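Inspection log for the structure reproduced underneath, given as structure tokens.
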Amino acid sequence: MKGGIQMQNGLAIEPASDADIPALADLWHRCNLTVPYNDPVEDIAFARAQPNSEVLVGRIGAEIVASVMVGHDGHRGWLYYVAVDPDHQKSGFGAEIVRSGEDWLRARKVRKSMLMIRDTNTAVRAFYERIGYEVAPRTVMQRLL
Ligand SMILES: CC(C)(COP(=O)(O)OP(=O)(O)OC[C@H]1O[C@@H](n2cnc3c(N)ncnc32)[C@H](O)[C@@H]1OP(=O)(O)O)[C@@H](O)C(=O)NCCC(=O)NCCS
């Protein structure tokens, strides 16, 4: 099941549509979440095409002000591209959009919400701790396929 609009405190949160892609990519650029080795448009398309992942957008009126990419691997849930428009930060929207990702995972019986923070983005750790996350005593490893 992919769809469903959720109204939280201030945001209307729902899965991104095709028409949202340019605004989403722009939001991620303005939030410094894009890197040369990840094309946001491809990332959005890939997540939206899978049954176990989604991109949620939070709107005020027609304007996209927040996002989260959420998915699970059959065991853990993962959040990516948590973003709030710089003009709307510190209003509770970051906490709301993370909760909507957690609700998406909960609805699929996923019991743990995980996320990774880039080494260059240390400031955001305090935000996640404020909303209930803790550092997991794990080393994340990777290999390009
Ligand atoms: C991180 C981000 C999503 C937070 O969004 P936000 O809307 O400003 O966060 P909220 O207003 O919901 O904040 C929730 C709580 O965290 C606190 N908080 C938010 N950012 C913080 C920061 N950088 N340092 C310390 N605390 C922070 C808020 O003060 C608030 O605390 P309160 O409950 O005591 O009021 C936003 O700053 C952002 O988009 N940053 C750039 C993109 C990014 O780094 N994303 C994360 C990638 S891993």
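Per residue and in cubic angstrom, what volume does the convex hull of the Cα atoms of the stretch 8-145 have? Write out the running numbers ahead of the final one.
On the way: hull volume 17.4 nm³, N = 138.
Normalising the Cα hull of the stretch 8-145 by residue number yields 126 Å³.
Evaluated with a Cβ-only charge set (Lys, Arg +1; Asp, Glu -1), the stretch 103-143 carries a dipole of roughly 300 debye about its Cα centre, given to the nearest 20.
Among the protein heavy atoms, those of residue 75 account for about 140 Å² of accessible surface (1.4 Å probe, every chain in place). The relative contact order of the chain, computed from alpha carbon pairs under 8 Å that lie at least 6 residues apart in sequence, is 19 percent.
Select from the stretch 74-143 those GluC sites (Glu not before Pro) which occupy a DSSP coil region and have at most 15 other Cβ atoms within 10 Å, ordered by residue number.
Details: sites: 96, 102, 129, 134; in loops: 134.
Within the stretch 74-143, the qualifying GluC sites (Glu not before Pro) (loop, at most 15 other Cβ atoms within 10 Å) are 134.
A 1.4 Å probe over all protein chains sorts 113, 91 by accessible area into 91, 113, starting with the largest. Please report the carbon-and-sulfur percent of the accessible area for the stretch 6-130; probe 1.4 Å, protein heavy atoms only, DNA, RNA and ligands left out. Looking at the stretch 6-130 in its full context, I get 52 percent from C and S. Accessible-area rank, largest first, for 33, 24, 145: 145, 33, 24, with all protein chains present and a 1.4 angstrom probe. Per residue, the average separation of C-alpha pairs within less than 8 Å and at least 6 apart gives the stretch 51-132 a relative contact order of 25 percent.
Where only protein heavy atoms count, and the probe is 1.4 Å, what is the accessible area per residue for the chain in Å²?
Values: 9270 Å² over 145 residues.
Ligands and nucleic acids excluded, the figure is 64 Å² per residue.
Phi angles across the stretch 56-65 convert, under the Karplus curve 6.51 cos²θ - 1.76 cosθ + 1.60 with θ = phi - 60°, into 3J(HN,Hα) values of 9, 10, x, 10, 10, x, 8, 8, 7, 10 Hz, Gly and Pro given as x.
Evaluating 6.51 cos²θ - 1.76 cosθ + 1.60 at θ = phi - 60° for every residue in the stretch 69-81, the Karplus couplings come out as 9, 10, x, 9, 10, x, 9, 10, x, 10, 10, 9, 6 Hz, glycine and proline recorded as x. Under unit Cβ charges (Lys, Arg +1; Asp, Glu -1), what dipole magnitude, rounded to 20 debye, does the stretch 47-145 have relative to its Cα centre? Approximately 460 debye in magnitude. Taking every Cα-Cα distance in the stretch 43-104 and sorting them into 10 Å bins starting at zero, the pair-distance distribution P(r) comes out as 23, 52, 22, 3 percent.
Selection among 38, 123, 84 by position relative to the dipole of the stretch 32-145 gives 123 as farthest towards the positive end (Cβ unit charges, Cα centre).
The values are calculated or read from the model by the stated rules, or taken from the named source; none is laboratory data. A quick note: this is a predicted structure, and the numbers were derived from the prediction, not measured. We place every Cβ from the backbone using ideal geometry, glycine too, and count neighbours over all the protein chains shown. Keep in mind that these areas ignore ligands, DNA and RNA; they rest on the heavy atoms of the full protein, side chains included. Shrake-Rupley method; radii C 1.70, N 1.55, O 1.52, S 1.80 Å.
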